[in-house]
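Below: one structure, written as structure tokens.
Rule-based calculations on the coordinates, nothing more; no lab input. Note that this is a predicted model, so its numbers are computed, not measured. Counting neighbours? That spans all protein chains shown, and the Cβs are built from the backbone with ideal geometry, glycine included.
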Amino acid sequence: MWFNILPAYTIITACMGLPGLGLWWAHYLVLGNHYRRSMIDRWDRHNYQRDMRLTGNPYKVNGLESIPDTDK
């Protein structure tokens, strides 16, 4: 019958979904946020390095208050 495929479907779905959920929690435990910053593009690497230079933590939301004033 058609319901004989449900155990196999459940196993395959769990095997495909659990690694993604595991990485989601691993990033939260290691990095402090649920999503890893992508370093694929040059623009993303530039923004990562900029945030690291300005605030010391590239995963915090940075506003204008994080940029130091340089007019003296």
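Modelled this way, with points 7 Å down the Cα-to-C-beta line, the labels at R50 and W24 are 3.0 nm from one another.
What do you get for the angle between helix 6-31 and the principal long axis of the chain? Use alpha-carbon atoms, 0 to 90 degrees, nearest ten. So the helix axis and the longest Cα principal axis differ by about 20 degrees.
A simple charge model with +1 on the Cβ of Lys and Arg, -1 on the Cβ of Asp and Glu and nothing else charged puts the dipole of the stretch 2-64 at about 280 debye relative to its Cα centre. You can think of it this way: the chain between I5 and V61 has 15.5 nm of extra reach, that is 0.36 nm per residue less the Cα-Cα gap.
Helix 42-55 and the long axis of the chain differ in direction by around 60°, with both axes built from C-alpha atoms.
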